[in-house]
Amino acid sequence: MSEALNHTLDARGVATVTLNRPELHNAFDDALIAHLTSVLETYGANPTVRALVLTGAGKSFSAGADLGWMKRMAGYSYEENLADAAGLARLMQVLDRLPKPVIGLINGAAYGGGVGLVACCDIAIAADRASFCLSEVKLGLLPAAISPYVVAAIGQRQARRYFQTAEVISAEEARRIGLVHEVVPLHELEAARDKVLAAIFLGAPGAQADAKDLVFTVDRPLTGEVIAETGRRIALRRASDEGREGVGAFLAKRDPAWRRSE
């Protein structure tokens with residue numbers, strides 16, 4: 001286990017992944033990006049994992065790119081920068097499409113790429129002390145790799161402002177624009193996590209993975225093809241073992257098998 005990244009899996013099937021560079025505000029470099037991607041892929045493929053929690057150690061969630069990494073990038077050629085950017089893009093894609101419910105516990109500041117991590121979480125809960133900033137333009141850069149996920153979270157209208165101004169966004173403003181779902185006092189962050197986990201445990205794991213994928217499938221113009229695909233998916237799920245068990249349990253007024261196993 002890397003000192004820069006702590007991760008555990010408890011008996012309930014909850015994986016907790018903690019960015020653990022508090023002295024650097026949990027900034028990441030290429031090595032941490034690669035390791036985090038690998039850890040997420042491993043948990044995503046593990047059938048015993050019911051949910052994943054992503055958070056940061058210390059006062060910050062993540063300051064984005066590490067200064068040492070940025071110094072190295074400054075000397076890269078175009079081709080080297082292209083390869084380097086692909087690593088961050090891969091991390092965001094893996095987190096965004098992880099076939100498990102992902103809860104982001106935003107314990108403090110999230111800047112640059114840290115905002116991208118927040119946007120890729122299915123449920124984002126922020127401490128009231130948290131702040132957010134898409135700071136790239138102040139460095140003459142762009143929030144490029146994270147932009148599809150941030151725009152999906154806050155919409156084009158808000159992105160047009162914050163991508164250009166690099167203003168610091170408060171936790172409440174982040175909630176208002178859709179970057180986070182909930183804001184709580186810092187000492188209530190774990191309780192808020194547990195409330196969401198309790199709701200997740202009521203659902204069927206396979207159905208939750210399919211429901212997450214459904215969001216990405218239907219997020220496009222409504223056509224006959226989209227409608228047909230939704231019909232195909234519900235037909236498959238009704239005929240699945242989980243679907244039969246869930247409906248049977250509801251009619252029999254008993255807990256389904258996945259709930260009894262918790």
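The values are calculated or read from the model by the stated rules, or taken from the named source; none is laboratory data. Everything numeric here is computed off the predicted structure, so don't read it as measured data. Neighbour counts are summed over all protein chains in view; Cβ atoms, including those assigned to glycine, are modelled from backbone coordinates with ideal geometry. Ligands, DNA and RNA are stripped out before the accessible areas are found, and what is left, the full protein with its side chains, is counted by its heavy atoms. Shrake-Rupley method; radii C 1.70, N 1.55, O 1.52, S 1.80 Å.
Computed quantities for the displayed model
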| quantity | calculated |
| --- | --- |
| Using alpha-carbon coordinates, inclination of helix 189-201 to the longest axis of the chain, degrees | 40 degrees |
| Only Lys, Arg (+1) and Asp, Glu (-1) charged, at Cβ; segment 20-147 dipole about Cα centre in debye | 320 debye |
| Portion, in percent, of the accessible area of the chain that falls on carbon or sulfur, probe 1.4 Å | 58 percent |
| Principal semi-axes in Å for segment 92-148 [√(5λ), Cα gyration tensor, largest first] | 20, 16, 5 |
| With Cα atoms, 0 to 90° folded angle of helix 205-218 axis to the chain main axis | 60 degrees |
| Along principal axes, Cα extents of the chain, largest first, whole Å | 63, 44, 34 |
| Trp258, Trp69, ranked by accessible area, largest first (probe 1.4 Å) | Trp258, Trp69 |
| On Cα atoms only, tilt of 224-238 relative to the major axis of the chain in degrees | 60 degrees |
| Average silhouette area of segment 1-148, convex hull of alpha-carbon atoms, in square nanometres | 8.6 nm² |
| Accessible area expressed per residue, segment 51-202, with surrounding protein chains retained (probe 1.4 Å, Å²) | 46 Å² |
| Under 30 Å from Lys195, Cα to Cα: lysines that are on another chain or at least 8 residues apart | Lys59, Lys100, Lys212, Lys253 |
| Rounded D (µm²/s) - segment 114-251, Kirkwood Rh over Cα pairs, Stokes-Einstein at 25 °C, 0.890 mPa s | 140 µm²/s |
